[in-house]
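Here is the structure we will look at, set down as structure tokens.
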Amino acid sequence: MSHKYNKVCYSSSKMNGNEEEEWKKERLQMAIKYYKGAIERIPESELDTKRNIRTELAQVLFNAENFDEAVKIYEDAFNVRI
């Protein structure tokens, strides 16, 4: 849903190019927020679950072109240092 252009659009098919880009950015930011919140709520003993969510978060960060943070999350998720 995009509010920036005083329109309510639930799918990208009815948006122009700028609206669609803004919609995608909003969705990515929302996903990042939810993944980070989920990671905070999962107990440290659930290593596989945390790793899976961190991997998904890194993919969303990559799609949002936040490459540095995505690499850091991947490294932390797998305890790998380059």
Check your understanding: Would it be correct to say that F67 is aromatic (F, W, Y) and over 21 Å from E26 (Cα atoms)?
Key -> no
**Study point:** Condition met for E19 (modelled with pLDDT of 90 or more and charged (D, E, K, R))
**Key:** no
Review point. Restricting attention to region 19-53, which residues are in a helix (DSSP H, G or I), more than 23 Å from E65 (Cα to Cα) and of a type in the set (S, T, Y)?
Key: T49
Review point. For region 42-56, does any single residue satisfy the condition of being among the acidic types (D, E), surrounded by 13 or more Cβ atoms within 10 Å (Cβ to Cβ) and within 29 Å of M15 (Cα to Cα)?
Key: yes
Exercise for review: Sort out which residues of region 31-41 are small (G, A, S) and surrounded by 12 or more Cβ atoms within 10 Å (Cβ to Cβ), and write them in order of number.
Suggested key: A31, A38
Check your understanding: So, in region 63-82, of the ones that are crowded, with 16+ Cβ neighbours inside 10 Å and part of a helix (DSSP H, G or I), which residue ends up modelled with the lowest pLDDT?
Key -> A77
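The values are calculated or read from the model by the stated rules, or taken from the named source; none is laboratory data. Not measured: the values here are computed from a predicted model. Cβ: placed from backbone, ideal geometry, glycine included. Neighbour counts: every protein chain shown.
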